[in-house]
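Remarks on the structure that follows.
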Amino acid sequence: MYAAKDSNGLRLYDSELDTNSPERLALIADLRRAVERRELEVAYQPKVDPRTGQVVGAEALARWRHPERGPIPPDVFIPLAEHSGLVWPLTLHVLELALRRRADWARAGHDLHVAVNLSPNSLLDAALPELVARLLAETGNPAHALTLEITESTILADPAGSRATLDRLHALGVQLSIDDFGTGYSSLGRLRELPIHEVKIDKSFVQRMAVDHRDRAVVRSAVQLGHALDMRVVAEGVEDADTYAYLADEGCDVVQGYLLSRPLPPEEFSSWMNARSRNVTHTYG
Ligand code: C2E
Ligand code: MG
Ligand code: MG
Ligand code: MG
C-alpha cells in the first residue's frame, strides 16, 4: 500500500513499512526529528480557471527531504505520521507555512486562496477549528482564503465525528473540499448533507478523459452533480491541452496539473506567478 519510489530510485516496499520493521521505525524516528525541527517544506501547485486562464489559488503539498534517502513522497510519510502521532504537529506546520505564504502573495497583489490537505486524524482532532481560527488571525488571512481538502474515505471513516468538525470549520468561514472525488464510493445523499464548497475530481478519471469516453462521462457527471449541489468543481491531474479544453467545455471551474505547473517551492511559485501575469494570453491548445 505504501509502495513508492523516490527520485533517487529508492524503493520502499509494503513489507518494509507495514510492519514494525527496523526500517519503518527508523523512518518514523527520522520523521519525528524532521517535524520537531520544522524541516518539512511545502510546495505550491497553481489552480487555474480554465475559462479565463486566471490563477485562482494554490494547493499546499508537504515535502520531506530525508538527509540520506533524499525526497520521500507524501504518500509514504503522511501515513507514517498518521500512525505514529505525528500528523497533528505536521498539519499545523503545513497550515502555518501555507497561511504565511498566502499572506505574502496577497501583499504582492495576488489575491489567491490556498488549499491544505487534512488527514483523518487531524480532521477528527477536536482542537482543529480553534487552531485554524488562531492561525488565520495570526497570519492576517480571511477565513474564505483557506480551503481544507478532505478525502471521501476520511469522512466515511467517521461520518458523525467529521460532520461535527466540518460544521465548526464551516462556521468559521473556511472553504471545504472533497479531495479525490470518485474514488471513495460515497453516496450522493451523504455529500449533500455536508457543508462542502468544492469537489475535486480524482486524477485517475481526469488523466484518461481525453482518450477514454467512459472517463469523460464520469467527469461530466461529476461536474453536473457538483454544480447541481452548488459546489465549485476542480479537476486535478491535468497533463495535456486536450484534457484542459475538454474540462473548459464541460464547465469545470478550476483545473490543476502538470500542464500548468508541477508543485513548486515557494520562491519558484512567485516567479511563475509573475512570469504568467506578464503574459496576456494563456492558451494550451
Ligand atoms: P492530493 O491532495 O490528491 O494531491 C495531488 C497530488 O497529485 C500531488 O501529489 C500532486 O503533486 C500530484 N499531481 C498534481 N498534478 C498532477 C498531474 O498533472 N499528474 C500527476 N500524475 N500528478 C499530479 P503529492 O504532492 O505527491 O501528494 C500526494 C498526496 O499526499 C496528496 O494527494 C495528499 O493526499 C497527500 N498530502 C500531501 N501533502 C499533504 C499534507 O500536508 N497533509 C496531508 N494530510 N496530506 C498531504
Ligand atoms: Mg489535495
Ligand atoms: Mg487530490
Ligand atoms: Mg490524490
* Structure fact -> Between the modelled labels at residue 262 and residue 23 (7 Å from Cα along Cα→Cβ) the distance in nm is 2.5
* Can you tell me the Rg and the Dmax, both Å, for the Cα atoms in segment 50-158? -> 15.0, 44
* Asked: Which value in Å does the Kirkwood hydrodynamic radius of the chain take, with 1/r averaged over all unlike C-alpha pairs and then inverted?
  -> 19.7
* Asked: Expressed in nm², what is the orientationally averaged projection area of the convex hull enclosing the Cα positions of segment 131-259?
  -> 8.2
* To do: Determine Rg/Rh for segment 65-119; Rg is computed over alpha-carbon atoms and Rh is the Kirkwood hydrodynamic estimate from the same atoms.
  => 1.08
* Asked: Ranked from highest to lowest mean number of other Cβ atoms within 10 Å per residue, what is the order of the peptides 69-77, 89-97?
  -> 89-97, 69-77
* Compute the normalised compactness of segment 18-111: alpha-carbon radius of gyration over 2.2 N^0.38 Å, N being the residue count. => 1.29
* **Principal axes of segment 195-285: Cα extent on each, largest first, Å** => 36, 34, 23
* How many angstrom separate the Cα center of segment 113-170 from the Cα center of segment 55-78? -> 20
* Asked: For the chain, what does -39500 (n - 2.57) per DSSP helix run (n ≥ 4), summed and divided by total residues, give at 222 nm, in deg cm²/dmol to the nearest 500?
  -> -14000 deg cm²/dmol
* Does anyone have the angle between helix 213-228 and the longest principal axis of the chain? Alpha-carbon axes, 0 to 90°, nearest 10? -> 90
* Structure fact -> When 162, 177 are arranged by how many other beta-carbons sit within 10 Å of their Cβ, fewest first, they go 162, 177
* **Assigned charges on the beta-carbon of Lys, Arg, Asp, Glu; the chain dipole about Cα centre (debye)** => 460
* Asked: Any idea what angle helix 266-278 forms with the longest principal axis of the chain, computed on alpha-carbon atoms, 0 to 90 degrees, nearest 10?
  -> 10
* Structure fact -> At 10 °C in a medium of viscosity 1.306 mPa s, segment 109-189 has a Stokes-Einstein diffusion coefficient, with Rh taken as the Kirkwood radius over alpha carbon pairs, in µm² per second, of 120
* **FRET efficiency, 1/(1 + (r/R0)^6) with R0 30 Å, evaluated for residue 51 and residue 230 via beta carbons** => 0.95
* Structure fact -> The helix 87-107 Cα axis meets the longest alpha-carbon principal axis of the chain at an angle in degrees, between 0 and 90 and rounded to 10, of 40
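Rule-based calculations on the coordinates, nothing more; no lab input. These figures come from a predicted structure and were not determined experimentally. As a convention, Cβ positions derive from the backbone with ideal geometry for all residues, glycine included, and neighbour counts pool all protein chains shown.
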